[in-house]
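Enquirer: Okay, handing you the structure first.
The values are calculated or read from the model by the stated rules, or taken from the named source; none is laboratory data. No experiment lies behind these values; they were computed from the predicted model shown. With ideal geometry, Cβ positions are generated from the backbone for all residues, glycine too; neighbour counts draw on all protein chains shown.
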């Protein structure tokens with residue numbers, strides 16, 4: 001219990017530091033949102049409209065410390081203000097509208113990559129020097145080191161345009177409305193395949209290699225020899241004895257990655273025109289949309305810290321050494 | 001410098017070839033085959049929007065982030081100005097007159113126009129429109145009051161004679177009084193089911209990445225609603241939108257498509273076309289005239305003469321526009337241009353010898369190593385600012401800096417994020433930079449923005465035009481004369497003298513007018529504007545888009 005409380009205290013401190021940075025960093029950026037909008041409109045807006053827009057957006061010129069106090073208060077009460085780049089939509093609504101797709105895409109891709117990558121890693125280490133061990137790691141690392149943008153474009157051309165197997169864009173077919181029907185779910189599934197697959201392809205190599213390396217170390221442990229000497233089935237030794245002990249680093253990285261999923265997959269969203277938080281964050285940064293930027297960063301920070309906290313708790317369960325110390 | 005650019009050019013060409021090859025390969029795939037074959041009569045006109053990853057259901061025309069096509073298909077203005085041929089089309093107003101002293105403008109509304117809910121269009125709608133516009137977004141400082149004389153007559157009382165008012169007032173889109181006057185907070189309303197006079201007002205489907213607009217049941221030109229509707233698709237960047245265009249899945253592609261001949265036209269030469277009229281804002285190289293040596297007109301002209309505009313257009317702009325001349329006017333002002341002056345320009349064509357002579361004469365001597373020094377003995381170097389995301393303008397700046405080496409001036413390109421660049425423009429701390437300009441129906445706003453003392457703010461104070469801070473009193477007088485003259489011949493005379501003043505002063509170094517991007521396929525719909533029939537531009541964000549929407553008709557068969 002003391003361990004949990006100590007970790008909780010640490011996370012609260014980390015949270016405070018990150019929200020303070022979150023407040024300060026956008027304010028170090030030069031310019032203001034309205035003049036950005038003006039520059040981007042490139043002479044479609046008249047200079048007279050600018051002061052008026054500043055009023056409309058309610059941009060404040062209060063002292064920074066007052067803004068900071070209000071900001072903390074707003075975070076405590078869950079108010080994130082109104083997005084400027086989506087004016088007059090509240091930030092919470094902008095994020096809520098996107099986060100579902102981001103979680104669907106990122107979560108699916110991460111789960112597939114982790115499960116398949118770890119399984120491959122376990123098998124490769126178990127049959128060390130075998131077919132799986134000598135072919136897969138170099139191939140996967142090679143593919144994973146391609147620029148993602150290029151790979152995604154290539155997949156889009158090959159599977160989308162040439163073969164026509166998968167739709168080219170969006171999360172579901174234009175003209176249909178979201179609903180709980182088998183047809184719509186299948187439509188969403190089809191639209192998910194290419195974006196998720198490209199993410200899996202570039203990330204799976206890392207998971208496999210990490211798992212393989214820890215497995216190899218574990219395989220040399222005395223208790224594996226002991227288990228073999230007892231005559232246990234090889235699959236039992238592989239999964240219950242070796243893999244189980246080699247899992248710990250993978251759990252940590254899984255937790256970290258899970259937290260970052262809410263940040264969205266910017267390049268995937270750009271190539272496949274898939275909805276999500278990543279592009280909103282880019283647009284917010286480019287348009288100096290402070291409220292939306294802060295809202296998204298806050299969501300990411302909170303998610304990363306929360307998942308890490310969960311991982312810490314799971315560790316207590318998984319690794320007895322943590323409990324003792 | 002030279003080799004780097006050549007190499008990157010070659011890389012770009014290779015990438016273009018690879019793309020073209022990929023596209024050529026895909027031409028035999030199943031994706032392409034449904035391009036021209038089946039023409040369903042209920043397929044809406046499909047348009048991509050490349051800079052919105054998702055749409056928000058916001059049809060409030062006063063909102064800066066309004067859903068696309070709101071100001072084109074849902075609401076309409078009283079007059080439509082077309083920069084492609086310089087014409088004015090009466091739209092919601094059938095006629096207008098200006099009083100003798102120019103202080104009253106009377107618009108007569110077209111008879112029989114109805115809102116999409118069946119209510120008639122009345123003068124009070126226009127009055128409410130201007131009240132809201134002034135309250136929410138400002139502008140129209142010259143407007144004293146708006147009066148609804150009777151149901152069809154609106155009188156605008158101006159505080160002083162101001163001739164650009166007619167086109168500015170006329171282009172304001174009109175909203176219905178009976179809907180907006182009861183609205184609690186019109187600035188923050190999202191107006192999810194808009195009531196407008198436009199041809200396509202009914203939101204028939206709305207999802208985060210696409211929405212459909214259906215025909216207005218009470219449109220005043222029912223014979224011109226030939227297309228079944230409009231479908232907007234959201235894209236988080238040009239690549240996705242360009243792929244959709246190349247694949248024949250969208251009808252109208254108003255975004256920039258690099259290498260368009262191979263990437264788009266070659267996919268279906270019979271149906272895919274593009275037209276980039278140079279009617280956008282003039283793009284200039286601005287020199288901060290509060291600094292030495294840019295306060296010297298000879299230096300500005302000499303630097304301008306060093307630039308190879310042909311190279312700038314061919315390489316950086318892929319040949320999609322044309323070089324500027326010494327009137328500074330973009331292609332949208334061809335009817336105002338003084339052709340004699342434009343034909344005899346001295347400082348907007350490359351002439352290295354003349355540039356060197358001018359700089360020598362102005363007292364910026366060239367040293368033994370070929371570089372020039374300023375009058376205070378420091379080397380003549382300059383920094384060209386441009387936003388890092390604008391790759392085309394970045395390459396414009398690169399070419400300029402190479403050109404300047406020929407006249408002994410060392411230029412470096414400074415390319416941080418646009419926000420840093422515009423911030424330095426606004427407070428006047430930049431050295432030189434690539435910049436846009438005001439683009440309105442008459443050249444008045446352009447000249448006011450580049451050379452009037454009224455737009456000059458001291459360094460350190462934020463401004464949104466005349467970043468280079470150049471003011472000329474003769475220009476002020478000419479602008480006042482223009483504003484006070486209500487007859488067209490008089491206005492043309494003043495604009496000719498403004499052009500001569502621009503030529504004499506060279507307040508900025510004009511480079512090229514920005515093209516109005518636009519590509520389309522006539523596989524499903526025909527009647528598009530072209531170079532031979534420039535009744536509108538192909539921009540989907542310009543007021544002329546409604547002219548295109550009411551001219552298109554489905555292909556028969």
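Enquirer: Quick one: residue A:56 ticks every box in (1) in a helix (DSSP H, G or I); (2) over 21 Å from the mean Cα position of the chain (by Cα); (3) at pLDDT 75 or above except a single one, so which number is it?
Expert: (3)
Enquirer: Right, here's the next one. When you scan the stretch A:6-28, do you find a residue that is more than 14 Å from every other protein chain (Cβ to nearest Cβ) and at pLDDT below 80, even just one?
Expert: Checked the stretch A:6-28: no residue is more than 14 Å from every other protein chain (Cβ to nearest Cβ) and at pLDDT below 80.
Enquirer: Looking at the stretch B:444-485, which of its residues are away from every other protein chain (no Cβ under 13 Å), part of a loop (DSSP other than H, G, I, E, B) and within 26 Å of residue B:101 (Cα to Cα)?
Expert: Scanning the stretch B:444-485 gives a single hit, B:485.
Enquirer: Return a yes/no flag: does the stretch B:535-552 have any residue that is surrounded by fewer than 21 Cβ atoms within 10 Å (Cβ to Cβ), assigned by TED's automatic domain parsing to the domain that holds residue B:260 and free of Cβ contacts under 8 Å to residues at least 40 places away in the same chain.
Expert: Among the residues of the stretch B:535-552, not one is surrounded by fewer than 21 Cβ atoms within 10 Å (Cβ to Cβ), assigned by TED's automatic domain parsing to the domain that holds residue B:260 and free of Cβ contacts under 8 Å to residues at least 40 places away in the same chain, which makes the answer no.
Enquirer: Look through the stretch B:422-435, keep the residues that are modelled with pLDDT of 90 or more and either closer than 20 Å to residue B:281 by Cα or within 23 Å of the chain's Cα centre (by Cα) (or both), and return whichever of them is farthest from the other protein chains (Cβ to nearest Cβ).
Expert: B:432
Enquirer: Which residue out of A:143, A:200 is over 24 Å from residue B:208 (Cα atoms), outside any loop (DSSP other than H, G, I, E, B) and at pLDDT 90 or above?
Expert: Details: A:143 fails: at pLDDT 90 or above.
Result of the check over A:143, A:200: A:200.
Enquirer: Right, here's the next one. Within the stretch B:486-525, how many residues turn out to be more than 21 Å from residue B:433 (Cα to Cα) and within 14 Å of chain A (Cβ to nearest Cβ)?
Expert: Qualifying residue count for the region: 2.
Enquirer: Next question, about the same structure. Output the number of the condition that residue B:284 fails; it satisfies all remaining conditions of (1) out of contact with any helix residue (DSSP H, G or I) (no Cβ under 9 Å at 6 or more places or on another chain); (2) surrounded by 20 or more Cβ atoms within 10 Å (Cβ to Cβ).
Expert: Going through the list (1) out of contact with any helix residue (DSSP H, G or I) (no Cβ under 9 Å at 6 or more places or on another chain); (2) surrounded by 20 or more Cβ atoms within 10 Å (Cβ to Cβ), residue B:284 breaks only (1).
Enquirer: With the structure loaded, tell me whether residue A:42 is surrounded by fewer than 18 Cβ atoms within 10 Å (Cβ to Cβ), at pLDDT below 75, more than 9 Å from chain B (Cβ to nearest Cβ) and under 30 Å from residue B:513 (Cα atoms) or whether it fails that test.
Expert: On the way: surrounded by fewer than 18 Cβ atoms within 10 Å (Cβ to Cβ): yes; at pLDDT below 75: yes; more than 9 Å from chain B (Cβ to nearest Cβ): no; under 30 Å from residue B:513 (Cα atoms): yes.
In short, no.
Enquirer: What residue, of A:94, A:69, is at pLDDT 85 or above and surrounded by 15 or more Cβ atoms within 10 Å (Cβ to Cβ)?
Expert: Step by step, each of A:94, A:69 is checked, and only A:94 is at pLDDT 85 or above and surrounded by 15 or more Cβ atoms within 10 Å (Cβ to Cβ).
Enquirer: Is it the case that residue B:339 is over 17 Å from the mean Cα position of the chain (by Cα), surrounded by fewer than 21 Cβ atoms within 10 Å (Cβ to Cβ) and over 22 Å from residue B:398 (Cα atoms)?
Expert: Details: over 17 Å from the mean Cα position of the chain (by Cα): yes; surrounded by fewer than 21 Cβ atoms within 10 Å (Cβ to Cβ): yes; over 22 Å from residue B:398 (Cα atoms): yes.
It is true that residue B:339 is over 17 Å from the mean Cα position of the chain (by Cα), surrounded by fewer than 21 Cβ atoms within 10 Å (Cβ to Cβ) and over 22 Å from residue B:398 (Cα atoms).
Enquirer: Somewhere in the stretch A:240-261, is a residue touching a residue at least 12 places away in the same chain (Cβ under 8 Å) and outside any helix (DSSP H, G or I)? Full working, then the answer.
Expert: Residues of the stretch A:240-261 that are touching a residue at least 12 places away in the same chain (Cβ under 8 Å), as a first pass: A:241-243, A:245-261.
From the residues that got through so far, the ones that are outside any helix (DSSP H, G or I) too are none.
No.
Enquirer: Please go through the stretch B:373-391 and pick out each residue that is surrounded by fewer than 18 Cβ atoms within 10 Å (Cβ to Cβ) and either part of a helix (DSSP H, G or I) or within 14 Å of chain A (Cβ to nearest Cβ) (or both).
Expert: B:388, B:389, B:390, B:391
Enquirer: For residue B:322, all conditions in the list (1) at pLDDT 90 or above; (2) in the same structural domain as residue B:203 (by TED's automatic domain parsing) hold save one; what is the number of the exception?
Expert: Result: residue B:322 fails condition (2) only.
Enquirer: Then there is this: Looking only at residues in the stretch B:134-161 that are in contact with a strand residue (DSSP E or B) (Cβ under 7 Å, 6 or more places away or on another chain), part of a loop (DSSP other than H, G, I, E, B) and more than 14 Å from chain A (Cβ to nearest Cβ), which one is farthest from residue A:53 (Cα to Cα)?
Expert: Restricting to residues being in contact with a strand residue (DSSP E or B) (Cβ under 7 Å, 6 or more places away or on another chain), part of a loop (DSSP other than H, G, I, E, B) and more than 14 Å from chain A (Cβ to nearest Cβ), the top hit is B:152.
Enquirer: Shifting gears a bit: Would it be correct to say that residue B:439 is at positive phi and within 12 Å of chain A (Cβ to nearest Cβ)?
Expert: No: the conditions fail for residue B:439.
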